[in-house]
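In what follows, a structure is listed as structure tokens, so that the remarks can point back to it.
The values are calculated or read from the model by the stated rules, or taken from the named source; none is laboratory data. Just so it is clear, the model here is predicted, and its values are computed rather than measured. Note: ideal-geometry Cβ built from the backbone for every residue, glycine included; neighbour counts use all protein chains shown. In case anyone asks, the SASA skips ligands and DNA or RNA and just uses the protein heavy atoms, side chains included. Shrake-Rupley method; radii C 1.70, N 1.55, O 1.52, S 1.80 Å.
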Amino acid sequence: MAEAGPVLLVGCGKMGGAMLAGWLEAGRKVAVVEPKAPVPRTPGLVAAVAVPEDLPGGLAPSAVVLAVKPQEAANVVPIYARFARSAVYLSIMAGKTVAGLAGMLGAEARIVRAMPNTPASVRKGVTACFAGEGVTAAQRTLCDELLGTVGKVAWVDRESLIDPVTAVSGGGPAYVFLLAEVLEEAAVSEGIPRDLARLLARETVSGSGALLAASTDDAAQLRKNVTSPGGTTAEALAVLMAEDAWPALMKRAIAAATRRSRELAG
Ligand SMILES: NC(=O)c1ccc[n+]([C@@H]2O[C@H](COP(=O)([O-])OP(=O)(O)OC[C@H]3O[C@@H](n4cnc5c(N)ncnc54)[C@H](OP(=O)(O)O)[C@@H]3O)[C@@H](O)[C@H]2O)c1
């Protein structure tokens with residue numbers, strides 16, 4: 001493993017908790033600051049404390065993972081500036097820029113900004129990262145490994161791309177869940193009982209995701225595979241793929257979310 005010191009996780013909520021489980025399973029040493037619930041003591045956990053004052057003296061983390069809500073950042077992040085010498089800061093906080101974080105952590109802080117998504121909770125996430133100035137290759141590798149425990153990891157070379165990434169994969173699970181919802185409603189409209197409609201919609205969405213994940217074909221090919229010319233699926237796709245329908249709608253939705261991400265950035 002690339003790291004020397006333990007990973008310090010600040011905020012063990014949904015995202016932090018998912019990553020923590022993966023790290024401990026992978027045999028990493030981790031210290032956690034989480035005010036709410038005590039994290040169960042397990043091998044690998046060097047400390048689990050409610051406040052940073054209770055962290056072991058002399059702790060020299062190799063990474064400080066910032067996983068609190070963005071609105072907590074201003075109060076929480078500066079407390080961890082003292083680790084700048086040993087650690088890379090890996091922030092998963094939505095909308096918090098490298099420059100904004102450097103303002104809280106000091107100029108010598110090495111900062112990676114990452115945007116994960118909620119399938120991380122079942123280790124099927126995808127995270128895009130941007131490395132700020134001075135981040136070393138070893139620190140990049142460490143961040144790659146830490147995020148890799150909950151899914152796939154990709155890097156962007158311009159921080160501005162984190163806004164459309166937020167729109168596409170950060171929010172993306174919501175669009176897929178919406179698909180399950182509207183498919184269920186459409187099924188009910190055709191007379192299918194609610195319970196069966198829900199089962200059909202849910203399994204179709206999750207099963208198609210599993211098929212996409214398992215296949216070497218791209219999504220367009222998998223779609224063509226279930227579309228016979230002149231058949232029922234072709235009839236539905238003609239509606240969904242009309243000029244003003246899904247392709248245009250999705251572009252508008254992603255553009256709106258990207259704009260909002262830029263507005264919220266700080
Ligand atoms: N969930 C997503 O889809 C998603 C996607 C991409 C990025 N993110 C980012 O991931 C971060 C975490 O999101 P989440 O969904 O995991 O939120 P969450 O479940 O609310 O987790 C945040 C955790 O931080 C804890 N906390 C609050 N103050 C703290 C402090 N002073 N020191 C240490 N821990 C503290 C909270 O405890 P309390 O509950 O007691 O306040 C909570 O357990 C956010 O910045 C979000 O932008 C989330």
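Please verify whether K36 is near the ligand (Cβ under 8 Å from one of its atoms), open to solvent by 40 Å² or more (accessible area, probe 1.4 Å) and within 25 Å of V122 (Cα to Cα), treating the condition exactly as stated. Yes; evaluated as a whole, the condition is true for this residue.
When restricted to residues that are surrounded by fewer than 22 Cβ atoms within 10 Å (Cβ to Cβ), in contact (Cβ under 8 Å) with a residue 40 or more places away in the chain and away from the ligand (no atom under 14 Å from the Cβ), region 53-82 contains 2. Between T97, T136, the distinction of being within 21 Å of I254 (Cβ to Cβ), away from the ligand (no atom under 11 Å from the Cβ) and either among the hydroxyl-bearing types (S, T, Y) or in contact with a Pro (Cβ under 6 Å, 6 or more places away or on another chain) (or both) belongs to T97 only. With the structure loaded, tell me whether T97 is over 23 Å from the mean Cα position of the chain (by Cα), of a type in the set (S, T, Y) and not assigned by TED's automatic domain parsing to the domain that holds T258 or whether it fails that test. Spelling it out, it is not the case that T97 is over 23 Å from the mean Cα position of the chain (by Cα), of a type in the set (S, T, Y) and not assigned by TED's automatic domain parsing to the domain that holds T258. For G231, the conditions (1) over 21 Å from the mean Cα position of the chain (by Cα); (2) closer than 30 Å to G95 by Cβ; (3) of a type in the set (G, A, S) all hold with the exception of (2). Annotation: of all residues in region 8-22 being under 18 Å from Y80 (Cβ atoms) and outside any loop (DSSP other than H, G, I, E, B), the one that is most open to solvent (accessible area, probe 1.4 Å) is M15.
What about L90, is it closer than 27 Å to D54 by Cβ, open to solvent by less than 10 Å² (accessible area, probe 1.4 Å) and not in a strand (DSSP E or B)? It would help to see each step written out before you state the result.
Numbers: closer than 27 Å to D54 by Cβ: yes; open to solvent by less than 10 Å² (accessible area, probe 1.4 Å): yes; not in a strand (DSSP E or B): no.
When the stated conditions are applied, L90 does not pass them.
Applying the set (1) more than 20 Å from K124 (Cα to Cα); (2) open to solvent by 80 Å² or more (accessible area, probe 1.4 Å); (3) in contact (Cβ under 8 Å) with a residue 12 or more places away in the chain to R202 leaves exactly one unmet item: (1). Going through (1) over 27 Å from L20 (Cβ atoms); (2) outside any helix (DSSP H, G or I) one by one, V126 falls short only on (1).
Go through region 109-121 and report how many residues are within 13 Å of the ligand (Cβ to nearest atom) and open to solvent by 40 Å² or more (accessible area, probe 1.4 Å).
The total comes to 2.
Using the structure shown, decide if C143 is under 16 Å from the mean Cα position of the chain (by Cα), assigned to a helix (DSSP H, G or I) and within 15 Å of the ligand (Cβ to nearest atom). Criteria met by C143.
Just one of the listed residues (V168, V176, V239) is assigned to a helix (DSSP H, G or I), over 30 Å from V112 (Cα atoms) and of a type outside the set (D, E, K, R), namely V239. Of all the criteria given as (1) open to solvent by 10 Å² or more (accessible area, probe 1.4 Å); (2) within 23 Å of the chain's Cα centre (by Cα); (3) not charged (D, E, K, R), the one not satisfied by V49 is (2).
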